[in-house]
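Report on the following structure.
Please treat every number below as a calculation from the coordinates, not as lab data. What you see is a predicted model; the values in this text were computed from it and never measured. As a convention, Cβ positions derive from the backbone with ideal geometry for all residues, glycine included, and neighbour counts pool all protein chains shown.
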Amino acid sequence: MMKPKKMENKAETKEMAKEPEEKFVIEGGKVLSGEIEVRGSKNSTAPILAACLLTCEECLISNLPLVRDVLNFLDILKEMGCEVEFVEGRKVRIKAKNVDPNKLNFEKFSMARTSVLLIGPLLARFNELRVSRPGGDRIGLRPITTHLEAFKKLAIEMVESKGFYTFKRKKLKPAEIALPEFSVTATENLLLIASLIEGKTTIKLAAQEPHVFELINVLKKMGVKIEGQGTHTLIVEGRSKLKGIKAEIIPDYLEAGTFLILGIATKSQITIKNVIPWHLDSFFSKLKELGACFEVKENSLTSLPSPNLKAIRVQALPFPGFPTDLLPLIVPLLTQADGKSLIHDPLYENRLNYVNELRKMGADIEIVDPHRAFVLGKKPLKGVSIESWDIRAGASLVIAGLMAGGKTTLNHINQIDRGYEKLEERLQKIGANIKRASD
């Protein structure tokens, strides 16, 4: 095993540079039409890029979404010494033979929640690692306690001080780990680190989201034996050396859901291409209960005008339940349903921040507690100046702006760029009146 030399990281004390503020200016109330294609999944890209750290051989990853979180992740890999080269527009070649964790850029690490997925593979290869706290959406406390407790079971010691985590370990040991929650990133981190631990590691209460399923496929190609794929108990039999791989990122089911809601909300017929429908089964069930009209084909969706929407109850649940990241997206649609709808997100206590922005637009929404709210319809929305709080809240407000009468100015759209690639350009192609502007 390699032990990195002691070395100070200049980014540790460097303040994050202030980025220019950009906004969307939206003229709503227009019926849209045409086709829009789903890009690769951001949430699937990060763990697969992290898996490239597990081998010294070359990896070729295609269908990357060119969003800010992914480009930031690639920058982190490159600055640590990985060979990172775009060989085509959405295909990248990565070789992590000479990676040095002492060169980890703490500033960039703190910019996205997905950075936490670097910890597992780096600890699989190195005896010591220091990282800053991962960042991401402003949706409440998102501690990595589940990850830290699981790492302890693998004989890893950790000390936290002044916003940094220092990990030390000798020989990693396989273990049986029961997670306290269905944590997607904790499941992925354990899959990554266990892949280089000889012996069997069992992960109980494992998440089974589509991106977890695909990470398992990639690790199997690299030489790892994994049992229980698609269930909540995974048994990982690691290897001391893994192979390089070729992998293609799956389509983003969250983006597909976003565009389907957009079409229904604007009473438009839009065809969404490059979709894996089974990723959205529970989502489709709720839309049908709502009275929404749409068609599902083998690899595409089509939204249809839906004149008679009725109130429903929606609770975010682990996969295959209703995705937490699509809950904000459906709320503008619920403002146009007859009756009182209930939304419930038990995971994040600040997830409902966007509700206040919808209220400014005329929505009648009553917040019951940090996790639940009533949405009363039908209430026409009007264009005003509002702010994006996180990736999905921002997309929700884009939908609201396209539904509303008049002009909507959506500020702080840098958050949206973290998860949606050139959103305004793609929406313009189906007839949306949305433009990007700088302050």
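Here are some notes:
- Along each principal axis, taking the top coordinate minus the bottom one, the Cα set of the stretch 154-303 gives 60, 37, 23 Å in descending order.
- Spherically averaged projected area of the convex hull of Cα atoms, the chain: 19.3 nm².
- Principal-axis analysis of the Cα atoms of the chain puts helix 281-290 at an angle of about 20° to the longest axis.
- Rounded to the nearest 10 degrees, the angle from helix 184-194 to the longest Cα principal axis of the chain is 20 degrees.
- Antiparallel beta bridges, as assigned by DSSP with both residues in the chain, represent about 75 percent of the total such bridges.
- Computed from Cα atoms, the angle from the helix 42-51 axis to the main principal axis of the chain rounds to 10 degrees.
- Shape category assigned to the stretch 41-246 from the gyration tensor of Cα positions, a/c cut at 1.5: rounded
- Semi-axis lengths (Å, descending) of the ellipsoid that matches the C-alpha gyration tensor of the stretch 305-439: 23, 18, 14
- Residue among 101, 332, 277 with the largest mean-square fluctuation in a Gaussian network model of the chain, springs linking Cα atoms under 10 Å: 277
- Under 22 Å from residue 360, Cα to Cα: lysines that are on another chain or at least 8 residues apart: 23, 30, 340, 378, 379, 382, 407, 435
- Taking trypsin sites (Lys or Arg not before Pro) across the stretch 83-117, the ones in a DSSP loop with at most 12 further Cβ atoms lying within 10 angstrom of their Cβ are 97.
- Fewest neighbouring Cβ atoms within 10 Å first, the residues 115, 341, 438 line up as 438, 341, 115.
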